Every structure is written in C-alpha cells, then in structure tokens.
Amino acid sequence: MNRFFVDTNVLLDWLIPTNAFHTDASEFVRACFMGRFEGFVSSHSLTDVFYISRKYFSVEDRRQFLLLIISNFSVITEDSDDFRVVLNSEGFFDLEDGLQMNCAEKEDIDFIVTEDVKGFRSSSVQAISIADALKKISEHDI
C-alpha cells in the first residue's frame, strides 16, 4: 500500500470548493478515508489549514474538518531537531516545504502529494501531483 505525505495545499483544495484542484483533492482524500492508501500530514499543516480556512468556514466547521483529518491521516509532529535540520540545510528555501520534506523523509514515505511539485525539487521523497497520486492509487487497486 502506498504511503502518501499530503501537502497543506491539497488539504485546502479539498476543503475549499472554489480551489482549482478541488475535485481531484476530494477524490484523493476520499480514497484515504476508504483506506486505499496510508496518508500522512504534518502537525503544522493542521494549524495552517485551521487559520487559512477561516475566511470560508466557522470555527466549529474548521474543528470538525481537523477532527476528520486526524481521524484518517497519521499526524507527524515536528520538534526543534526537525526545525534545526531544515534551517541548517542549504537545500531548503521554504520553511513549510522544508519541514514537510523532512517529515516525509524521516517517516520513509513513498510520495509527497502536492500541486507545487517544483517547490519540492530538492526532496529525497518524490513529489507528485494529486492527479498522479490518483493514478498510483488506481494502479494499486488492480
């Protein structure tokens, strides 16, 4: 079974129906809920999702979304060592992406699912689009 680390933007695409990748993100998240792959998110993604989605949803709705996410995805927590690794690496140019790459690497994840594949060029874990992740899930189901 594939192990996918889910970028914050994928979670936001799932939650916000006006986002460009909402349909694919919804299908992808539904596949995780159905147990078709192992999904992982970083703890800081949860705070980002809660904050960014405030323009679209009430506090109660956002709480329910996060409870749904943590019930279906494994949450990888970051500590000071993770921040130190990222901040001392010349290969990381964006703190959030760097932390996500570090989380995926330390948990031996197969793929990072994102719509910002270019932002993960320096990752040792291959970054793929939501559409490509859906193809891999379908291939695994055969």
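In whole percent, and with a 1.4 Å probe on the protein chains, what portion of the accessible area of the chain is carbon and sulfur? Its accessible area is 51 percent carbon and sulfur atoms.
Mean separation of Cα pairs under 8 Å and 6 or more residues apart, divided by the residue count, gives the chain a relative contact order of 30 percent.
Loop-resident trypsin sites (Lys or Arg not before Pro) (DSSP state other than H, G, I, E or B) in the range 33-142 with no more than 13 further Cβ atoms inside 10 Å of their Cβ: ARG121.
For the range 16-80, what relative contact order do you get, as a whole percent, if you take Cα pairs closer than 8 Å and at least 6 residues apart?
Working: 38 pairs, mean separation 28.5, N = 65.
Once divided by the residue count of the range 16-80, the mean separation gives 44 percent.
Mean-square fluctuations from a GNM of the chain, with a 10 angstrom spring cutoff on Cα atoms, peak among ALA31, ALA20, ALA104 at ALA20.
Identify the GluC sites (Glu not before Pro) of the range 1-92 meeting these criteria: DSSP loop state and at most 14 other C-beta atoms within 10 Å of the C-beta. List each step's numbers first, then the result.
On the way: sites: GLU27, GLU38, GLU60, GLU78, GLU90; in loops: GLU78, GLU90.
Within the range 1-92, the qualifying GluC sites (Glu not before Pro) (loop, at most 14 other Cβ atoms within 10 Å) are GLU90.
Karplus-based coupling profile of the range 20-37, in residue order and whole Hz: 4, 9, 4, 4, 5, 4, 5, 5, 5, 5, 4, 4, 5, 4, 8, x, 7, 7, with θ = phi - 60° in 6.51 cos²θ - 1.76 cosθ + 1.60 and x standing for Gly or Pro. In this structure, the amide hydrogen of ALA127, modeled 1.01 Å from its nitrogen in the peptide plane, lies closer than 5 angstrom to those of ILE112, counting only residues at least 5 positions away or on a different chain.
When the gyration tensor of the range 15-76 is built from Cα positions, what are the square roots of 5 times its three eigenvalues, in whole Å, from largest to smallest?
Numbers: eigenvalues 69, 46, 20 Å².
Its equivalent ellipsoid spans semi-axes of 19, 15, 10 Å.
Relative to the 2.2 N^0.38 Å rule of thumb, the chain has a C-alpha radius of gyration ratio of 1.00.
The range 86-134 and the range 1-44 have Cα centres lying 15 Å from one another.
The values are calculated or read from the model by the stated rules, or taken from the named source; none is laboratory data. Keep in mind that this is a model prediction, so the values were computed, not measured. We place every Cβ from the backbone using ideal geometry, glycine too, and count neighbours over all the protein chains shown. For the accessible areas, the whole protein counts, side chains as well, though only heavy atoms, and no ligand, DNA or RNA atoms are used. Shrake-Rupley method; radii C 1.70, N 1.55, O 1.52, S 1.80 Å.
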